[in-house]
1. Scan region B:343-388 residue by residue and report those that are closer than 30 Å to residue B:38 by Cβ, touching a residue at least 60 places away in the same chain (Cβ under 8 Å), part of a helix (DSSP H, G or I) and within 11 Å of chain A (Cβ to nearest Cβ).
2. Looking at region B:17-42, which of the residues that are within 30 Å of residue A:276 (Cβ to Cβ) and more than 7 Å from every other protein chain (Cβ to nearest Cβ) is surrounded by the most Cβ atoms within 10 Å (Cβ to Cβ)?
3. Residues that are facing another protein chain (nearest Cβ under 7 Å) and surrounded by 20 or more Cβ atoms within 10 Å (Cβ to Cβ): does region A:144-157 have at least one?
4. Answer yes or no: is there a residue in region B:52-60 that is closer than 21 Å to residue A:275 by Cβ and under 28 Å from the mean Cα position of the chain (by Cα).
5. If residue B:236 satisfies every condition in (1) crowded, with 20+ Cβ neighbours inside 10 Å; (2) at the interface with chain A (Cβ under 8 Å from one of its Cβ atoms) but one, which is the exception?
6. For region A:48-85, what are the residues that are over 24 Å from residue B:114 (Cβ atoms) and crowded, with 19+ Cβ neighbours inside 10 Å?
7. For region B:252-266, state whether one or more residues are more than 10 Å from chain A (Cβ to nearest Cβ) and closer than 26 Å to residue A:92 by Cα.
8. Out of everything in region A:15-33 that is away from chain B (no Cβ under 11 Å) and surrounded by 14 or more Cβ atoms within 10 Å (Cβ to Cβ), what residue ends up being farthest from residue A:194 (Cα to Cα)?
């Protein structure tokens, strides 16, 4: 029986105007975005390749030990998932200046075309999150209330059909009708990607694409069930669509952005500038204290003439000040993290946030990936620092050795080559790691879908059919 | 007669269910948007003020140093950063105001994030657009306007009241006009009240001067024109369709395309049609030119021919000329792309509205240009100032405290348009919105004349 119901629902939807609209919209939006993102990705790959060669040559051409200390430029390889998900990283590839001792210098991402930041970029996440969710509501708003109006529901219920079968049949039929054009367009978009030889998917990426698709289907199921719920709560299709549109506006367009700023009002963070100022004050106090000690000892301003004890005392003081400054800095960063996590929790009120965040993480383009990239750079910075130190000792040995042999200084400037410098290796997260990040969001989405469906089932059981 | 129809339409709307919920929603959203963004602006403004104070304090501190050697060291160590004051109208239209930094370095590029800042930043703010007044009007109000009007003709037809109405001796133009006026008032009134409440809050918090007030009023007027464009569009769709469900679907489709697709696709298409070489390509070509010049120069040095200064000069000039040409080429291509992007986006009234509103607020794409100019000017002036300061301090002990006056430190400033100039620049987009209005109304009229009321 369920099969018949699903079939009827499906046929109903397939012949409707909204199905045609959904087909056109999905195809146009997904394919256009695929072309664009693939081209962007291609450009990023060529930029990356060019930059790595340039930066490698820059190291190889160095012939002065002092130049090594100025650091090395490291490039982030582009992520093939950027074909679908634009992600959080400001650019698809970037160069970072790395020096020893954990010093990183990120170049500020600066979009040259000032019109682009005014509009959000159209990627898979945006299309599913905003456009497809609206379509999902358009598919389900009249599932029950529309049939009630046209009188079909009464007729349907006059057969010996349990209500759970009816609502399940409606859910499946409508959902399949919604998802079919989406899946077709998705396959078409992936095919477009295959025309670009730069876009290579490894096993990780394949799994991630499947995961992304599953996420999108889950999110659409949640939104679709919401539509069904409102449809079983109202008697008129026009009321149901009005309520749903307003809910959609609130949940998708308003809640995520407003909640973030509202959390900023509640969970306060001192400004970056005030933290810097406090650090400066701490340093200034330390300096004054050191001066006082110096005067008390009656030492001269030239620290070459200080006694051992004085030197040790001042050094201890300086260390203390540095520890205090670092503590202040760390407590500030902890406050910022606290604020971000609270706004993340509050913004999860909207399923869109869960979907977006999970999609970014599964595409390895979220915050965790940023953290790992920075950590990898910092690890590399240590490696680079010790390499430079090793080279410096080698250089000094060489100088002494040759000087013993009586050569002039300038002769052996070019004696050392740096072809053996340690290379930076960076891999995007493995699929298992990505899955670990998203399970909470997946659970949330599942919960929304189950909640909405169960509520619609209960409300349909009590639905007044006339 | 017209007033009767208007009255009926208004009462009809006000008593409807959707009026109640959308009234609550729009009131809440407009107020929240203004409230949140004005607090956010307050934070940025405070940050600006405190950095400003800090810079002043540094100048005072320098003035107090008397030992010339210490002074020289201190001056070599500091650089005064330029400061950009946030625009008060960014409360309504944030635009690029949050994107463009407050602190401008005296030399070199703008400071990037530190690794701790990068890891610790609140990423959610980058994912979702800032919920300012213009965003709420652009996205939410346009949808609400459509929602109010999509069934005004076809809904009455379905109910049968349209037939009844036209049975009276009423010309169709009066009916349509009455419906437009009545419906528009019932959308614009609650919106105006919410906007007024929001503006009162901003005014009371003291963020507005006369200039800002004018900008607020203009942006409010612009919003009314924009809402009316979508309202008229909805009316047209209603006269096109014969069933409310069809009208609703068409309205939603048009809304999706115009708000979510067309403006976002425009930059993309512009990039495909008018590509600009990436900054890196330009930089590497510049480096190649530089290398070539260096090779030539070292070749001359090796020949050890004295009196080759002219040749050296010529090579240097050539290289500089080539680089300038390359830069010019880049800027020109970028300009073409920017213009194409804007013009393509203007296919959607949403983009016109956004451009006009950000222009009126002084936070639009033009801000980026002014900022770049201002930064170049500031760095140039600062270089001069620093050289003069060196000359003043090297060797001779400063006589009194006035060798470094706070007024002498170059100020960073960017061109601030007068309200009239901003309006002038935004006029094209305003006109475009008016044209959309007129076009939709005329089409609605034409369709309604031929509408089958039975």
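1. If the condition is that a residue be closer than 30 Å to residue B:38 by Cβ, touching a residue at least 60 places away in the same chain (Cβ under 8 Å), part of a helix (DSSP H, G or I) and within 11 Å of chain A (Cβ to nearest Cβ), then B:345, B:350, B:351, B:354, B:355, B:357, B:358, B:365, B:367, B:368, B:371 are the ones that fit.
2. Filtering region B:17-42 for residues within 30 Å of residue A:276 (Cβ to Cβ) gives B:35-42.
Among the residues that remain, those that are also more than 7 Å from every other protein chain (Cβ to nearest Cβ) are: B:35, B:37-38, B:41-42.
Numbers: B:35: 20, B:37: 27, B:38: 24, B:41: 24, B:42: 16.
Among those that are within 30 Å of residue A:276 (Cβ to Cβ) and more than 7 Å from every other protein chain (Cβ to nearest Cβ), it is B:37.
3. Pass one, region A:144-157, residues facing another protein chain (nearest Cβ under 7 Å): none.
No, region A:144-157 contains no residue that is facing another protein chain (nearest Cβ under 7 Å) and surrounded by 20 or more Cβ atoms within 10 Å (Cβ to Cβ).
4. Within region B:52-60, the subset closer than 21 Å to residue A:275 by Cβ is B:52-58.
From the residues that got through so far, the ones that are under 28 Å from the mean Cα position of the chain (by Cα) too are B:52.
Yes.
5. It is condition (2) that residue B:236 fails.
6. Within region A:48-85, A:80, A:81, A:82, A:83, A:84, A:85 qualify.
7. No, the conditions are met nowhere in region B:252-266.
8. Once the filter is applied, the top-ranked residue is A:23.
The values are calculated or read from the model by the stated rules, or taken from the named source; none is laboratory data. Treat the numbers as computed from the prediction; the structure is a model and nothing was measured. Reconstructed Cβ throughout: ideal geometry from the backbone, glycine too, with neighbour counts over all protein chains shown.
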